[in-house]
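Participant: Handing you this structure, nothing more for now.
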Amino acid sequence: MLKVTPTRLPEVLVLEPRVFGDERGFFMESYNQAAFERATGLNPGFVQDNHSRSAHAVLRGLHYQIRQPQGKLVRVTSGRVFDVAVDLRRSSPRLGQWVGMELGEENKRQLWIPPGFAHGFVVLSASADFLYKTTDYYAPEFERTLAWNDPQVGVEWPLDQLQVAPVLSGKDSAATPWDSAEFFD
(Lines give C-alpha, C1' and ligand atoms only; values in the text may rest on other atoms or scores of the structure.)
Protein backbone atom coordinates (compact mmCIF):
# COMPACT_ATOMS: atom_id res chain seq x y z
CA MET A 1 0.00 0.00 0.00
CA LEU A 2 1.26 3.44 -0.93
CA LYS A 3 0.52 6.29 1.48
CA VAL A 4 0.07 9.65 -0.30
CA THR A 5 -0.05 12.98 1.53
CA PRO A 6 -0.51 16.36 -0.16
CA THR A 7 1.87 19.11 0.95
CA ARG A 8 0.86 22.73 1.52
CA LEU A 9 1.22 22.99 -2.26
CA PRO A 10 -1.45 20.31 -2.86
CA GLU A 11 -0.17 19.23 -6.28
CA VAL A 12 3.18 18.29 -4.69
CA LEU A 13 2.71 14.92 -3.02
CA VAL A 14 4.67 12.96 -0.42
CA LEU A 15 4.65 9.24 -1.18
CA GLU A 16 5.56 6.71 1.48
CA PRO A 17 5.87 3.15 0.19
CA ARG A 18 5.22 0.21 2.45
CA VAL A 19 8.55 -1.12 3.73
CA PHE A 20 8.99 -4.70 4.90
CA GLY A 21 12.01 -5.00 7.16
CA ASP A 22 13.66 -7.37 9.59
CA GLU A 23 17.15 -8.18 10.85
CA ARG A 24 18.20 -9.12 7.30
CA GLY A 25 17.33 -5.74 5.77
CA PHE A 26 14.24 -4.49 3.96
CA PHE A 27 12.15 -4.76 0.81
CA MET A 28 9.90 -2.16 -0.81
CA GLU A 29 8.40 -1.45 -4.20
CA SER A 30 10.00 1.83 -5.17
CA TYR A 31 7.53 2.26 -8.03
CA ASN A 32 4.45 0.37 -9.18
CA GLN A 33 2.49 2.12 -11.93
CA ALA A 34 -0.90 0.68 -10.95
CA ALA A 35 -0.41 1.51 -7.25
CA PHE A 36 0.80 5.04 -8.12
CA GLU A 37 -2.26 5.65 -10.31
CA ARG A 38 -4.66 4.25 -7.69
CA ALA A 39 -3.14 6.30 -4.87
CA THR A 40 -2.70 9.60 -6.74
CA GLY A 41 -5.21 9.52 -9.59
CA LEU A 42 -2.32 10.40 -11.90
CA ASN A 43 -0.85 8.62 -14.91
CA PRO A 44 2.38 10.57 -15.46
CA GLY A 45 3.84 8.41 -18.23
CA PHE A 46 7.47 8.40 -17.06
CA VAL A 47 9.99 8.34 -19.92
CA GLN A 48 13.38 8.71 -18.24
CA ASP A 49 15.12 7.63 -15.02
CA ASN A 50 18.06 9.63 -13.64
CA HIS A 51 20.58 9.04 -10.87
CA SER A 52 22.94 11.64 -9.43
CA ARG A 53 25.46 11.41 -6.62
CA SER A 54 26.41 14.59 -4.83
CA ALA A 55 28.86 15.41 -2.06
CA HIS A 56 28.06 17.13 1.23
CA ALA A 57 26.67 20.68 0.87
CA VAL A 58 26.13 20.44 -2.90
CA LEU A 59 23.07 22.47 -3.79
CA ARG A 60 21.44 21.72 -7.14
CA GLY A 61 18.67 23.97 -8.41
CA LEU A 62 16.24 25.40 -8.70
CA HIS A 63 15.81 23.79 -12.14
CA TYR A 64 12.91 23.55 -14.59
CA GLN A 65 12.25 23.23 -18.32
CA ILE A 66 10.08 26.03 -19.72
CA ARG A 67 9.15 23.81 -22.69
CA GLN A 68 8.90 20.04 -22.36
CA PRO A 69 8.22 20.55 -18.64
CA GLN A 70 9.07 17.58 -16.50
CA GLY A 71 7.08 16.06 -13.70
CA LYS A 72 9.46 14.31 -11.34
CA LEU A 73 9.14 11.48 -8.84
CA VAL A 74 12.21 11.89 -6.65
CA ARG A 75 13.83 9.83 -3.88
CA VAL A 76 17.13 9.36 -2.09
CA THR A 77 18.61 5.87 -1.76
CA SER A 78 21.76 6.82 0.15
CA GLY A 79 22.25 9.81 2.42
CA ARG A 80 19.91 12.74 3.11
CA VAL A 81 18.82 15.86 1.23
CA PHE A 82 16.52 18.80 1.79
CA ASP A 83 14.33 18.80 -1.31
CA VAL A 84 12.42 21.85 -2.60
CA ALA A 85 9.65 22.53 -5.14
CA VAL A 86 8.57 26.05 -6.18
CA ASP A 87 5.30 26.76 -7.99
CA LEU A 88 6.02 28.63 -11.24
CA ARG A 89 2.54 28.49 -12.79
CA ARG A 90 1.12 31.96 -13.54
CA SER A 91 -2.40 30.55 -13.30
CA SER A 92 -1.80 29.20 -9.79
CA PRO A 93 -2.93 31.03 -6.66
CA ARG A 94 0.30 29.68 -5.12
CA LEU A 95 2.69 31.18 -7.72
CA GLY A 96 6.07 31.67 -6.04
CA GLN A 97 5.30 29.53 -3.01
CA TRP A 98 7.60 26.69 -2.09
CA VAL A 99 7.58 23.48 -0.09
CA GLY A 100 10.61 21.63 1.25
CA MET A 101 11.29 18.47 3.19
CA GLU A 102 13.98 15.99 4.03
CA LEU A 103 14.24 12.90 1.87
CA GLY A 104 16.63 10.12 2.75
CA GLU A 105 17.55 6.50 2.95
CA GLU A 106 16.03 6.22 6.43
CA ASN A 107 12.58 7.73 5.81
CA LYS A 108 12.31 6.33 2.25
CA ARG A 109 9.91 9.12 1.30
CA GLN A 110 9.39 10.09 -2.30
CA LEU A 111 8.16 13.41 -3.63
CA TRP A 112 5.98 13.94 -6.70
CA ILE A 113 6.75 17.31 -8.28
CA PRO A 114 4.36 18.00 -11.17
CA PRO A 115 5.23 19.92 -14.33
CA GLY A 116 5.15 23.67 -13.71
CA PHE A 117 7.39 23.60 -10.65
CA ALA A 118 11.09 24.37 -10.19
CA HIS A 119 13.03 21.76 -8.24
CA GLY A 120 16.24 21.65 -6.24
CA PHE A 121 17.95 20.03 -3.28
CA VAL A 122 20.90 20.40 -0.93
CA VAL A 123 22.86 17.43 0.44
CA LEU A 124 22.81 17.22 4.24
CA SER A 125 24.84 14.01 4.62
CA ALA A 126 28.42 13.17 3.56
CA SER A 127 27.00 12.32 0.14
CA ALA A 128 23.65 11.39 -1.38
CA ASP A 129 22.39 9.26 -4.23
CA PHE A 130 19.36 10.98 -5.74
CA LEU A 131 17.10 9.03 -8.12
CA TYR A 132 14.22 10.43 -10.10
CA LYS A 133 11.78 9.57 -12.85
CA THR A 134 10.70 12.25 -15.34
CA THR A 135 7.63 12.68 -17.51
CA ASP A 136 9.55 14.25 -20.40
CA TYR A 137 13.07 14.03 -21.75
CA TYR A 138 15.87 16.35 -20.70
CA ALA A 139 16.01 19.30 -23.11
CA PRO A 140 18.96 21.55 -22.23
CA GLU A 141 17.81 24.28 -24.63
CA PHE A 142 14.67 24.74 -22.52
CA GLU A 143 16.29 24.36 -19.10
CA ARG A 144 16.06 27.34 -16.78
CA THR A 145 17.46 27.93 -13.31
CA LEU A 146 15.79 30.08 -10.68
CA ALA A 147 18.14 31.52 -8.07
CA TRP A 148 18.13 29.16 -5.10
CA ASN A 149 18.46 32.07 -2.67
CA ASP A 150 16.09 34.60 -4.25
CA PRO A 151 14.58 36.64 -1.40
CA GLN A 152 11.18 36.97 -3.13
CA VAL A 153 10.79 33.19 -3.06
CA GLY A 154 12.40 32.90 0.37
CA VAL A 155 13.21 29.19 0.50
CA GLU A 156 14.34 28.38 4.04
CA TRP A 157 17.24 26.07 3.24
CA PRO A 158 18.67 24.33 6.35
CA LEU A 159 22.10 25.87 5.77
CA ASP A 160 22.92 25.73 9.50
CA GLN A 161 23.09 21.93 9.14
CA LEU A 162 25.84 22.23 6.51
CA GLN A 163 28.43 24.12 8.59
CA VAL A 164 29.92 25.30 5.26
CA ALA A 165 28.70 27.40 2.34
CA PRO A 166 26.64 25.50 -0.23
CA VAL A 167 28.60 24.19 -3.22
CA LEU A 168 27.10 25.37 -6.52
CA SER A 169 27.74 24.67 -10.18
CA GLY A 170 28.49 27.56 -12.52
CA LYS A 171 24.94 27.30 -13.89
CA ASP A 172 23.41 27.47 -10.41
CA SER A 173 25.68 30.35 -9.37
CA ALA A 174 24.48 32.37 -12.39
CA ALA A 175 20.78 31.53 -11.90
CA THR A 176 18.00 33.93 -12.81
CA PRO A 177 16.35 36.04 -10.11
CA TRP A 178 12.58 35.86 -9.61
CA ASP A 179 11.98 39.22 -11.32
CA SER A 180 13.53 37.92 -14.56
CA ALA A 181 12.36 34.31 -14.43
CA GLU A 182 10.17 32.68 -17.08
CA PHE A 183 6.94 31.17 -15.79
CA PHE A 184 4.48 28.59 -17.00
CA ASP A 185 1.01 29.67 -18.20
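Condition check ((1) of a type in the set (A, V, I, L, M, F, W, C); (2) crowded, with 18+ Cβ neighbours inside 10 Å) across all residues:
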| site | (1), (2) |
| --- | --- |
| Thr40 | no, no |
| Asn43 | no, no |
| Val47 | yes, no |
| Ser52 | no, no |
| Arg67 | no, no |
| Leu73 | yes, yes |
| Thr77 | no, no |
| Val84 | yes, yes |
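Participant: Assess whether Gln161 counts as being surrounded by fewer than 16 Cβ atoms within 10 Å (Cβ to Cβ) and in contact with a helix residue (DSSP H, G or I) (Cβ under 8 Å, 6 or more places away or on another chain).
Facilitator: Answer is no for this residue.
Participant: Only one of Met1, Met28 is modelled with pLDDT under 95 and either touching a Pro at 6+ places or on another chain (Cβ under 8 Å) or among the charged types (D, E, K, R) (or both); which?
Facilitator: Just a single option satisfies the conditions, and that option is Met28.
Participant: With the requirement that a residue be part of a loop (DSSP other than H, G, I, E, B), basic (Lys, Arg) and closer than 20 Å to Thr77 by Cβ, what does the stretch 1-18 give you?
Facilitator: Arg18
Participant: Sticking with this structure for a sec: Loosely packed, with under 13 Cβ neighbours inside 10 Å, closer than 24 Å to Gly104 by Cα and out of contact with any strand residue (DSSP E or B) (no Cβ under 8 Å at 6 or more places or on another chain): is that true of Gln152 in this structure?
Facilitator: Criteria not met by Gln152.
The values are calculated or read from the model by the stated rules, or taken from the named source; none is laboratory data. Every value quoted in this text rests on a predicted model; they were computed, and no experiment measured them. Methodologically, a virtual Cβ is constructed for each residue, glycine included, from the backbone with ideal geometry; neighbour enumeration extends over all protein chains shown.
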